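Bear in mind that the values in this text are calculations on the coordinates, not laboratory data. Here the structure is a predicted model, which is why all the values come from computation and not from measurement. So basically every Cβ, Gly included, is an ideal-geometry build from the backbone, and we count neighbours across all protein chains shown.
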Amino acid sequence: MSDILNSLVQIVGEKGVSNHPEEIWFYSRDPGTLEPHEPDFVVAPRRVDEVRDIVKFAYEKSIPLVPMGNGMALTGLVRPLKGGIVMDMKRMNKILEVNERGRYVVLEGGVSQGQLKAYLEDNYPHLRHSIPDAPPGTTIAANVALHGQGRLTQQYGFNSDMVTGLEVVLPTGEVCKVGSCSIGPYWFSKGPSLPDISGLFLGWLGATGVFTKVGLRLFPRKSLRDVEVFVTDRADLVEDIIYRLTHTEMIEDLTIWFQPKPMIFKDNYHINVYFTGDTEEEIEFKRKMIWDSLKVHMDSKDGGFMGVGAMKATFLEEPQRSIAAFADVPKGGGFEYSGPISPIEHFAKYTAKVYELAAKYNLLFAGTARVISGGHAMMYGISFAFNRADKEMMNNVKEALEEANEFTLEHGSIPWKPTVSEQQMTMNMMDPNTLKIMKMIKKNLDPKGIMNPGNWEVS
Amino acid sequence: MEPMRTIEHGNLVHRCFRCGYCKFPSDYVDFNCPSYKAAAFDTYSSGGRMWLIRAWLNNEIKTGPRFADILYSCVACGNCTEQCVYPGFKDHLLDIFEEAKGELVGEGLIPPTVRDYFKAITVNGNPYKLPQNERGKWAEGINIEEYSDQDYLFYVGCVGSYDEVGMHMARNVGTVLKESGLSVGILGSGESCDGNEVKILGETGLFLKLAEDNIRQFNELGVKKIITLDPHAMNTFKKYYPEQGGRYQIYHYTEILDRLIRDKQIIPVENRITVTYHDPCYLGRHHHIYKSPRSVLKSIPGLELVEMRRNGVDAFCCGGGGGNFFTDINGSGEESPSRVRIREALDTGASIVAVACPQCAKMLTDAVKAEEMEGTLVVKDVAEILRESI
Amino acid sequence: MYSLKHDEEVCATCPSPDCLLKCQYMDMDKEQAHEEIMKVVQGEDSLVLHKCMTCYGCEEYCRRGNHPYYLICEKREEKGILTAARPITNQWINMTSMQGKSMTGAIEEKALSCCLIPELKGLGRGRLFEDIAPSFIVGAEFMCPAVHTHFAKMSVVKDRLPKVLENYSALNVKEVVCLHDECYATFTSIAPAYGIEVPFEPIHYMDYLLEKLHVLKDEIQPLNVRAAYQRPCSNRLIPDKLHLVKEIMDLIGVDLMEREYQGENSLCCGEILRTISGYQLTDDVQKRNIDDMAASGAEYSVFNCPFCQTTLSEKAIKAGLKPIHMIDLCKMAIGEKQGGAIK
């Protein structure tokens, strides 16, 4: 063991390696409900060559290696299921280049969402990225590695769709560039018009390589931003409401949420409609179009726009701190959610399931959904808060989420940032030939199976 | 048999979600938790510390040097309490860390530098292991009287009494106060350690002894109003002395200077300099005093005050808080808080970093040297800048 | 259940049905107005039941005290006619439900009611309120339920108002200074209209302010500013209190500007219109209102109701006006900081 430690110290220095019980304990778990798995070592590289050397070393020695961002997926994706090394990427946090006119940024694999947001606000006030509502420490690289979403997902798709290039350290230690950056200095395209090999890495949850650099699309930041909240008490109407709203092609972000408490939110479905403009005129025009699009539901009194008042600042916050605050509802520091990527037509069905599960397991819930790509799909989030000091409640959350996952999978949804058991459930349902391709990819890229083992592992 | 540990706020510890908001300033521009910034691992952030304390209370990890190092690396800067998203929990983050350190003290398993600090205070009454009769040396030649019945007691503290940089600062503050005509006296060699660092490092018994002695002395002398050089002393006098029976009107010297300027008892003259101001945590985040030092600086005609990227409630700590000034758990590497802060100061284009705390003064002065910026940047306290502008 | 004291005969013999004739949202002649109100009275369907914007205006226009507004609300509910969307209606019912979260200070015989509006607690501080601020009351248990009239839910009003009054009774208060105009209006207009006894003396905060300002007269520094007043809907239920605005403004040296939309011709702030009718009418009303304030030469737009202030502040600022609550204006006049909580 000390040989491994010494080798790692050689690569990243003494401060960058730990096998102390404190780091071993901490890096064995995430804030969700899944059981811990201990690593043998934790390393924190600063440079690409250090990542490369760590991966090469792990490959040579067949040591499992788990790359980690902020570890906030909540689904246990950075727990080292087979021990080995956890590689904390957050010290690689340089923003390397912004191509202002080309609207993209190139950054290191540990840059956080919050850091990029602040950097752009300081230096490129006309540009923004699709920031998720996860805490600001979550990294860009981890977010695209698991097909994360953000504030601009309604307009432009998954955050992984916004990748314009990658630098990946392959499980065998080679440093590989993906996209236009593989043939020249520009990072404007992750694939087209080349064969798009980014799919070998995006969505693989770190099981096919370590992202050391990411190119990411940036988007115009308009000077004004506003939100309207449409409310209905009929879950069955939400699908139509989304259809009508997305038809306007004027919406920045579209999220749907429902929760039993506080009382103001009871029994209703809230559709947050975000829109932007450079002038008051533009904003007001969009506001009117948004209202007009839902006239039929207002006329029937099935829905209406609520006064947002003091809540507006919370809604417009990026990231929205109140999302993390949900963990404290049972005064217990935890929540976990299942977020299947789903057909929008299932909104009502899934919602009924949320109520059923909350009652069955006696849990505090929050339902959320985010529309993806102008209405092609949605992320449907089923969240249950728990008290970390209450083992029974945590277990109930775990069981409720397993049941939710099974239910949504049966209805054709794809689990988002799936737990290992959800991955297995998914692969069990998958077309065998699809599975075969996945197996080939994994086998060829990671012949010794060292990268985040247990994840997307085709048996 | 594993030890059963309890701490006063142990029932709150599990409420941390380790979401990490506590690591950042309000706009997320960089990590704002000094110990996390200096270290490589999440365990050194407030969330990491909180989760480890829970594991330790539950006997999932044992007391050991690394755990002690992690606890004592906290600089108590208060950024986490500002940024944590959980009301009712956030206010107790530093209490929990302090209580856990208190348990370590009880178990006798503390880092050597912390142990040495306690020993020096116990034996010598100061962390420098210097004789008590040298405490008043800083005031030699500035004609400031021993406290008898003046309106204000000027309390200097250990750093101002014994550290070269601190003494320089104490002399500047003392001189300006005296020359303004303020009725003020000092304790000189009769002064004792205020105990702020002793408390935050977890030695409650020693703290209580220091507080009792100080309170007895202050009361015997009839002290009503105290001006502190050090925001750390101000903190402990304001927050913890009242519950031990020591109730006084406490001011930081920048508050007094601000008032003296407004009352025209000090009239600054033109001084064409560019200054950036570093908020001390115990003045800013802990006591919300952001305006007074800035008002003093802005009152100087010709002085241009430029803010660092992180300032006010978001200011990045110099790394000296929580006793780290003496125990140096976070070290002096490139990512050490004081060096990070000095580089941030350099980015403003200012030639002077103004400080209002002797511990910040020393930390940042050393960082200027470590960054080899002696010719570019100089650290001065607010009173020194004012003195040069009168 | 309490029932509305309404006399059909009074409407039947009304020489001038001002309730509808003066309505700002329905345009009808005398004959049609009479016809439509009689349809309402007799329980028939009427366009009034579909077009009423719940501005409370008719309650003020009716010179014979026959409560046309409450009647319209009653009949709407009887017929299941919703004013706003059902989920919004229920949202208001849910959010104002009594959940045992009210807060009370050291209650004395004279109490300060902040309704369910925490911002009012901020306003009700300082020297003007130093006598009664410690005896504060805030929370749903003490909230006037008049807002539900906007949603034609008189059943909620009738159900909750007696409970609210019981809650006050339990505190043994003799006098209640109402910081929310609508609370005072509820206790002095809705309660008697339904024969509900109010077990204390309600005091409008403007009466209280006036008295206080007289006491502190020597400390008033006339503000020498011009202001336009936004009269809230609830004030239509208590027109006898309208004069207080001018008296207070005079006392603190504020020039209350004459404007088109004042007194009986006041315009709604628009929040309820937006909920009931949508943006077209709201935009029109708000624009006319703000333009009128600005055209009056006012520097400040002065609010009585916190909801009006929240709704119109941004628009007022854009029109170059400074929105302020009347209490804050009074605080300014005696050199105090503003409450500043309402945004």
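A few points about this structure:
- Taken over region B:95-245, the alpha-carbon convex hull comes to 104 cubic angstrom per residue.
- Distant-in-sequence amide contacts of A:Glu38, defined by a placed amide H-H separation under 5 Å and a gap of 5 or more residues or a different chain, comprise nothing.
- If R0 is taken as 25 Å, the Cβ-Cβ distance between A:Glu402 and A:Asp267 corresponds to a FRET efficiency of 0.40.
- Of all DSSP beta bridges in the protein assembly as shown, antiparallel share, percent nearest 5: 55 percent
- Per-selection Rg to Rh, chain C - Cα, Kirkwood hydrodynamic radius: 0.96
- Euclidean distance between Cα centres, region A:64-97 to region A:322-358, Å: 25 Å
- P(r) weight above 16 Å for region B:32-128, C-alpha pairs, percent: 58 percent
- Spacing of the two label points (7 Å from each Cα toward its C-beta) at A:Asp278 and A:Glu174, in nm: 4.6 nm
- C-alpha long axis of helix B:358-370 to longest principal axis of chain B, angle in °: 80 degrees
- Pair B:Glu307, A:His376: separation of 7 Å Cα→Cβ label points (nm): 4.3 nm
- Computed over region A:45-85, relative contact order equals 35 percent, with contacts defined as Cα pairs under 8 Å that lie 6+ residues apart.
- Difference of contour (0.36 nm per residue) and Cα-Cα distance, B:Glu374 to B:Glu212: 54.1 nm
- Computed helical MRE - 222 nm, chain B, DSSP H runs ≥ 4 contributing -39500 (n - 2.57), nearest 500: -12000 deg cm²/dmol
- Antiparallel %, DSSP beta bridges [both residues in chain C], to 5: 10 percent
- Shape of chain B, Cα gyration tensor, a/c cut at 1.5: oblate
- For B:20-32, mean number of other protein chain Cβ atoms within 10 Å: 6
- Relative contact order (percent, whole number), chain C, Cα cutoff 8 Å, 6+ residue spacing: 16 percent
- Taking a sphere under 11 Å around the Cβ of A:Phe326 and counting the other residues whose Cβ falls inside, with K and R at +1 and D and E at -1, yields a net charge of -1.
- A:Asn428 paired with B:Arg115, simple spin-label distance in nm, labels 7 Å along Cα-to-beta-carbon: 5.6 nm
- For the pair B:Thr274 and C:Ser102, a Förster radius of 45 Å applied to the C-beta separation gives a FRET efficiency near 0.25, rounded to the nearest 0.05.
- Rounded to 0.05, the FRET efficiency of the C:Glu78 and A:Val308 pair, given R0 = 25 Å and the Cβ-Cβ distance, is 0.20.
- Length added when fully stretched, C:Glu109-C:Asp240, from 0.36 nm per residue minus Cα-Cα: 44.6 nm
- Once you reduce region A:182-247 and region C:138-178 to the center of their Cα atoms, the two points are 50 Å from each other.
- By the compact-protein rule of thumb, 2.2 N^0.38 Å, the alpha-carbon radius of gyration of region A:111-172 corresponds to a ratio of 1.15.
- Sorted by Cβ density within 10 Å, fewest first, the residues B:Ser336, A:Ser130, A:Ser2: A:Ser2, B:Ser336, A:Ser130
- Helix C:279-295 axis, angle to chain C major axis (alpha carbon atoms, nearest 10°): 40 degrees
- Inter-chain Cβ neighbour average for residues B:50-61, partner chain, 10 Å: 3
- Gap separating the Cα centres of region B:197-242 and region C:107-129, nearest whole Å: 39 Å
- Ordering of A:104-116, B:26-38, B:242-254 by packing is A:104-116, B:26-38, B:242-254, highest average first (other Cβ atoms within 10 Å, averaged per residue).
- Peptide-level mean, for A:283-289, of C-beta atoms on other protein chains within 10 Å: 1
- Interatomic Cα distance distribution for region C:151-278, bins of 5 angstrom, percent: 2, 9, 15, 18, 17, 15, 11, 8, 4, 0
- Antiparallel bridges, percent of DSSP beta bridges restricted to chain A (to nearest 5): 90 percent
- Longest to shortest principal axis, alpha-carbon extents of the protein assembly as shown, angstrom: 102, 91, 62
- Principal-axis tilt of helix C:30-41 within chain C, Cα atoms, nearest 10 degrees: 90 degrees
- Average 1/r across all pairs of distinct alpha carbons in region C:177-246, invert it, and you get the Kirkwood radius: 13.7 Å.
- In terms of surrounding Cβ atoms within a 10 Å radius of their Cβ, A:Leu409, C:Leu20 rank from fewest to most as A:Leu409, C:Leu20.
- Alpha-carbon Debye profile of region A:147-249, log10 I(q)/I(0) at 0.10 Å⁻¹: -0.43
- Peptide ranges A:235-247, C:139-151, C:207-219, A:55-67 listed from the most packed, as the mean C-beta count within 10 angstrom indicates: C:139-151, A:55-67, A:235-247, C:207-219
- Over 25 Å (Cα to Cα) - which of A:Lys353/A:Lys442; B:Lys178/B:Lys264; A:Lys331/B:Lys37 fall in this group: A:Lys353/A:Lys442; A:Lys331/B:Lys37
- Here's the list of lysines a cross-link from A:Lys222 could span, going by alpha-carbon distance under 23 Å and ignoring same-chain residues fewer than 8 apart: A:Lys117, A:Lys286, A:Lys288, A:Lys312, C:Lys315, C:Lys318.
- Hits among aspartates and glutamates - C-alpha to C-alpha of A:Lys448 under 13 Å, sequence gap 8 or more where chains match: A:Glu60, A:Glu457
- Cα-based reach from C:Lys5 at 19 Å (exclusive), listing lysines while leaving out same-chain residues under 8 positions away: C:Lys39, C:Lys75, C:Lys153, C:Lys158
- With the convex hull of the Cα atoms taken as the outline of region A:91-229, the averaged projected area works out to 8.7 nm².
- D (Stokes-Einstein, µm²/s), Kirkwood Cα radius, chain A, 1.567 mPa s at 4 °C: 57 µm²/s
- Distant-in-sequence amide contacts of C:Glu201, defined by a placed amide H-H separation under 5 Å and a gap of 5 or more residues or a different chain, comprise C:Glu175, C:Val176.
- Dipole of chain C, positive direction: furthest Cα of C:Pro118, C:His67, C:Gly57, with charges on the beta-carbon: C:Pro118
- Chain A: relative contact order in percent, alpha carbon pairs under 8 Å with at least 6 residues between: 16 percent
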